[in-house]
Amino acid sequence: MTTLIGVNSMRKTRVYDCSNSVERPPHRSESRGPQENDIMRGLKKYCGAFGWEFVDQPQDAEVIITNDVYPKHILALNKPMVKRMDGVYWDNRLKERNEPLNTAALASDSIIFISEYSKRSFVELYKTSIFPKPCHVIPNCVDDSVYFPLPKRVSGFITWIASASNWSREEKRFEDLMVFADVVMDKGDTLVIIGQCDNVPDTIKIWPAGYVDDETEVNKILNSGHAFINLSYRDPAPKVVCQAVNCKLPILYANSGGTPEMVNVGVPIRDNNEMVFEDRVPRLKLKDMRAAYIDFRSNYRILREKSNSRKPCGYMEMLSEYFWVMHNTIYEHKVKDEAE
């Protein structure tokens, strides 16, 4: 559903974002990412184009949205509530962080999942029946006015780009990335690493770009490459993959989590897909990385041409779907109240 809601309306529909309250689970310091979610920031930036406005007080809102939890004073208002549901923590060490997020989802009038994998992991890991509660899958996109293709230099070798906010996070599989660079890549290939990383080997094959908070610069670095590699384990919807897709880079990726849903053109590396809680991140097998690399390298010209012909994801259409869900939630909540 991509209809722009309320664009021609004189009165804007009012929404309040209660994310990042003191009652939410603490922000993971090692993530290095911004505390405000990118999609929530985009909703606020472009809300006027859809006939909406974000208000400063929850009492003034017609609907409440959260990226994490609902504080107690919000629950007491009996307002329509929409929960944006990220991925479920599958790591047993982080499992307790799921509890307040799951509670918020079950208290919501509508839930927005960021991928089919995100929805499936919530239902299967917690054996939770969330139906007939309205559930929507709205795949993540990035702003195509920020991330877009630039002219690329054609070469016989490949400059690979890998990106994460902080490579110390185990699920990003930095060790496997180093094996890829050292053992799998052709000698003439280069790997550029975006993100905080303290253990990059001193080699001409690897160039660390460091943590980059300027999105214009990130877009330039992405476009300096010929291909993107993402080895993340069970990521529900990696925004770095969405960025690479917008820059029309073919992608070599670990085939787990929601990553396959994000990739337009690429080659998967065999990975574990069991829907269970785990204590550790399994390593990728060298033979599987080699096989996928050979496939990618052999078909690189075709992959590049396919990437160049694909349109980027519709960022404004994605935002429109969020506003449509909120609009519908207001209506359904009103009908429910009148029935009671």
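None of the figures in this text is laboratory data; all of them are computed from the coordinates on show. All of these numbers come straight from a predicted model, not from anything done at the bench. Cβ sites come from the backbone with ideal geometry, for glycine too, and all protein chains shown count toward neighbours.
Computed over segment 117-214, the alpha-carbon pair-distance distribution with 10 angstrom bins reads 12, 30, 27, 20, 9, 1, each value a whole percent. A Förster distance of 22 Å, applied to the separation of the beta-carbon atoms of Phe157 and Asp288, puts the FRET efficiency at 0.45. Counting only Cβ charges, +1 for Lys and Arg and -1 for Asp and Glu, the dipole size of the chain around its Cα centre is about 840 debye. Net charge dipole, segment 186-340: roughly 1020 debye, given to the nearest 20, about the Cα centre with Cβ charges of +1 for Lys and Arg and -1 for Asp and Glu.
Toward the positive end of the charge dipole of the chain, with +1 on the Cβ of Lys and Arg and -1 on the Cβ of Asp and Glu, the farthest Cα among Val137, Asn223, Leu125 is that of Asn223.
Ordered from longest to shortest, the equivalent ellipsoid semi-axes for the chain are 37, 22, 17 Å, each the square root of 5 times a Cα gyration tensor eigenvalue.
Applying Stokes-Einstein at 4 °C and 1.567 mPa s to the Kirkwood radius of segment 65-179, computed over alpha-carbon pairs, gives a translational diffusion coefficient of 75 µm² s⁻¹. Shape summary of segment 159-309, radius of gyration then Dmax from alpha carbon positions: 14.3, 41 Å.
Dipole of the chain computed with +1 at Lys/Arg Cβ and -1 at Asp/Glu Cβ about the Cα centre; of Ile158, Val335, Gly48, farthest Cα towards the positive end is Ile158. Legend: residue pairs Lys172/Lys334; Lys95/Lys187; Lys12/Lys172; Lys83/Lys152; Lys127/Lys239, Cα-Cα distance threshold 32 Å; pairs beyond threshold, Lys172/Lys334; Lys95/Lys187; Lys12/Lys172; Lys83/Lys152. Placing a label point 7 Å from the Cα of Asp91 along the Cα-to-Cβ direction, the residues of segment 222-255 whose backbone N falls under 15 Å of that point are 232-236. With a Förster radius of 45 Å applied to the beta-carbon distance between His73 and Val276, the computed FRET efficiency rounds to 0.75. Counting other C-beta atoms within 10 Å, and keeping those with at most 12, which DSSP coil GluC sites (Glu not before Pro) do you find in segment 272-315? Those satisfying the criteria are Glu274.
For the pair segment 249-304 and segment 80-135, the centres of their Cα atoms are 26 angstrom apart. When peptides 286-295, 222-231, 245-254, 63-72 are sorted by average Cβ neighbour count within 10 Å, with the highest value leading, the order is 245-254, 222-231, 63-72, 286-295.
The share of alpha-carbon pairs in segment 248-340 lying farther apart than 18 Å comes to 65%.
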